[in-house]
Amino acid sequence: MNTAIVGINWGDEGKGRMVDLLSDNFDIVVRYQGGNNAGHTVINDKGKFILNLLPSGILRENVVCVMGAGMVIDLKHLSEEVKRLREGGINISPRNLVISDRAVVCMPYNVRQDCLEEDRLQGKKFGSTRRGIGPIYSDKYMKKVVHTGDLIYSTKLEEKVRDLVEWKNLLFKGYGEEINADEMIDYLKVYGKEFVPYIRDTNKFLIEAQKQKKNIMFEAQLGALKDIDFGINPYTSSSNVIAAYAPIGCGCPSIKIDEVLGIVKAYSSAVGEGPFVSELFGAEGDFLREAGGEYGAATGRPRRVGGFDFPATRYGIEMQNATKIAITKIDVLSALDKIPVCVAYEFEGKRLDEFPYPDILDDCKPIVEYLDGWKCDISSCKSFEALPEKAKDYLRFLQKGLNAPISVVSVGPDREQYFYIKDNELK
Ligand code: GDP
């Protein structure tokens, strides 16, 4: 059984925690896109871990993790992340980590370019995480990159890097800076060497795994609204985050996905710039942000928060082709007297139930309904039955407006703080 675990909204829905929980049933966990621009926070019996590049399955002893061909890898960051995890007692070796030879190396100059451009944009900035992700994906489509496989197979790596730097410097001159080719070559020598034993052909690896009937999980970063093609462009990530990209991004295009579990937070949050119709401001927003600890795992940036957003969530479910839904962080809402829910948008005086073309989002207003809060701790509830009536009502309300069944509910960050929804329990 192959399952993708994906974000339905703007990211930070709690995917890492779900992957960590469910990875027990899988042999292989694959990351198929993105770089170290986002992070998963996972809390389990070994401690608290922040993962930016490594698949969350790395925390399970019998799981093999794959960093797929669709990823852009900052080798220095990966080296530091591996070191941090090892210090926390996690084993990482070529036996449990495989890096695709078709992945792309995110170079230090990509990070610098990202910062320079974001600074140049000033008031019009995209809200980049400044990790070089936009620049390296553009370079990829310009076919001007170092692939991880080059670190092993290329006999002309130095020459390639010199050519790349010569080209990049045409751009850097415009910013008044210059990159040094020798420094880039040294960088690849130092950090490339460390990861050479991990680099393999993931197409062959995953085909073989399927022959052996291994269960494969695909772990996404961010959420549908951050997809480069289907998100709120230009405030998106620079990669395809949706499940449909997983076969390409894992490095094994023939692979089939049997199930897509869409992760949806019980309220909304977003990082960076861009339209966010259900956003809450002032004391209401601050209260929810603090209650939910909504600060970026990769950057520490405060996240914008809002009520549950039906149009955006339905759209995300459709784009992800989610077959099941997990609701996370419902325990955070325990602090609220009244819970705001954005049931539709209003645009030019008309009600919109469907998520519109991104450009008009700035002119949409939320149509909000307030549901009663339950005002008690639900973080130890182990079943739907055990929830207070108002929390049950909240979940029933969500289910009614969503086009996929809610199958799991998470009531806290710890591995065991969740329960499954039984058939018809939300009817
Ligand atoms: P991801 O990128 O989608 O994995 O999301 P993040 O890791 O950035 O954010 C999720 C945060 O919420 C992490 O700090 C988790 O530990 C935490 N979290 C996940 N599920 C729950 C939950 O059900 N309740 C609470 N209170 N926290 C949760």
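Within the stretch 367-404, restricting attention to residues that are open to solvent by 70 Å² or more (accessible area, probe 1.4 Å) and of a type outside the set (D, E, K, R), which residue is farthest from the chain's Cα centre (by Cα)?
Filtering first and then ranking leaves Tyr370.
Does the stretch 169-188 contain at least one residue that is farther than 30 Å from Ala322 by Cα, among the basic types (Lys, Arg), modelled with pLDDT of 95 or more and touching an Asp or Glu at 6+ places or on another chain (Cβ under 7 Å)?
Checked against the condition, which is being farther than 30 Å from Ala322 by Cα, among the basic types (Lys, Arg), modelled with pLDDT of 95 or more and touching an Asp or Glu at 6+ places or on another chain (Cβ under 7 Å), the stretch 169-188 yields no hits at all.
Kindly list the number of the only condition in (1) more than 10 Å from the ligand (Cβ to nearest atom); (2) touching a residue at least 40 places away in the same chain (Cβ under 8 Å); (3) open to solvent by 20 Å² or more (accessible area, probe 1.4 Å) that fails for Glu61.
If we test Glu61 against (1) more than 10 Å from the ligand (Cβ to nearest atom); (2) touching a residue at least 40 places away in the same chain (Cβ under 8 Å); (3) open to solvent by 20 Å² or more (accessible area, probe 1.4 Å), just (2) comes out false.
Just checking, does the stretch 365-383 include any residue being under 18 Å from Gly14 (Cβ atoms) and of a type in the set (Val, Ile, Thr)?
Yes, because at least one residue in the stretch 365-383 is under 18 Å from Gly14 (Cβ atoms) and of a type in the set (Val, Ile, Thr).
Give me the pairs, please: first residue somewhere in the stretch 317-338 and under 16 Å from Ser269 (Cα atoms), second residue anywhere and more than 8 Å from the ligand (Cβ to nearest atom) and part of a helix (DSSP H, G or I), beta-carbon distance under 7 Å, and either six or more positions apart or on two chains.
Every condition considered, the pairs that remain are Ile327/Leu395; Ile327/Leu398; Ile330/Ala391; Val332/Ala291.
If you check Glu13, Glu87, Glu80, which single one turns out to be within 16 Å of the ligand (Cβ to nearest atom) and either open to solvent by 20 Å² or more (accessible area, probe 1.4 Å) or at pLDDT 90 or above (or both)? Talk me through it step by step, then tell me what you get.
Details: Glu87 fails: within 16 Å of the ligand (Cβ to nearest atom); Glu80 fails: within 16 Å of the ligand (Cβ to nearest atom).
Testing whether each residue is within 16 Å of the ligand (Cβ to nearest atom) and either open to solvent by 20 Å² or more (accessible area, probe 1.4 Å) or at pLDDT 90 or above (or both) leaves just Glu13.
Please work out which residue is nearest to the ligand (Cβ to nearest atom), limiting yourself to the stretch 255-295 and to residues that are surrounded by fewer than 19 Cβ atoms within 10 Å (Cβ to Cβ) and of a type in the set (Gly, Ala, Ser).
Among those residues, the one meeting the criterion is Gly293.
Quick one: which strands (runs of 3 or more DSSP E) lie wholly within the stretch 205-299 and hold at least 3 residues that are under 23 Å from Asn2 (Cβ atoms)?
216-223, 259-265
Can you tell me which residue within the stretch 16-55, out of those that are more than 13 Å from the ligand (Cβ to nearest atom) and surrounded by fewer than 22 Cβ atoms within 10 Å (Cβ to Cβ), is modelled with the highest pLDDT?
Across the stretch 16-55, the extreme among qualifying residues is Asp27.
Restricting the first residue to the stretch 401-426 and requiring it to be basic (Lys, Arg), which pairs with a second residue that is within 16 Å of the ligand (Cβ to nearest atom) and outside any loop (DSSP other than H, G, I, E, B) meet a Cβ separation below 7 Å and a spacing of at least six or different chains?
Note: pairs meeting the criteria are Arg415/Asp20; Arg415/Leu21; Arg415/Asn44.
For the stretch 312-427, give me every one of the strands (runs of 3 or more DSSP E) that falls completely inside it and has 2 or more residues that are touching a Ser or Thr at 6+ places or on another chain (Cβ under 9 Å).
324-328, 338-347, 365-372, 406-410, 418-420
Check Ile406, Ile421 and return the single one that is touching a Pro at 6+ places or on another chain (Cβ under 8 Å), within 23 Å of Lys15 (Cβ to Cβ) and within 16 Å of the ligand (Cβ to nearest atom).
Ile421
In the stretch 296-307, what residues are more than 12 Å from the ligand (Cβ to nearest atom) and either charged (D, E, K, R) or at pLDDT below 90 (or both)?
Of the residues in the stretch 296-307, the ones more than 12 Å from the ligand (Cβ to nearest atom) are 302, 304-307.
Of everything in the stretch 296-307, just one residue is more than 12 Å from the ligand (Cβ to nearest atom) and either charged (D, E, K, R) or at pLDDT below 90 (or both), namely Arg304.
Can you tell me which residue among Val30, Val64 is in contact with a helix residue (DSSP H, G or I) (Cβ under 9 Å, 6 or more places away or on another chain) and closer than 27 Å to Val111 by Cβ?
Val30
The values are calculated or read from the model by the stated rules, or taken from the named source; none is laboratory data. Treat the numbers as computed from the prediction; the structure is a model and nothing was measured. No Cβ is skipped: glycine too gets one built from the backbone with ideal geometry, and neighbour counts run over all protein chains shown. Note: areas computed on protein heavy atoms with side chains; ligands, DNA, RNA excluded. Shrake-Rupley method; radii C 1.70, N 1.55, O 1.52, S 1.80 Å.
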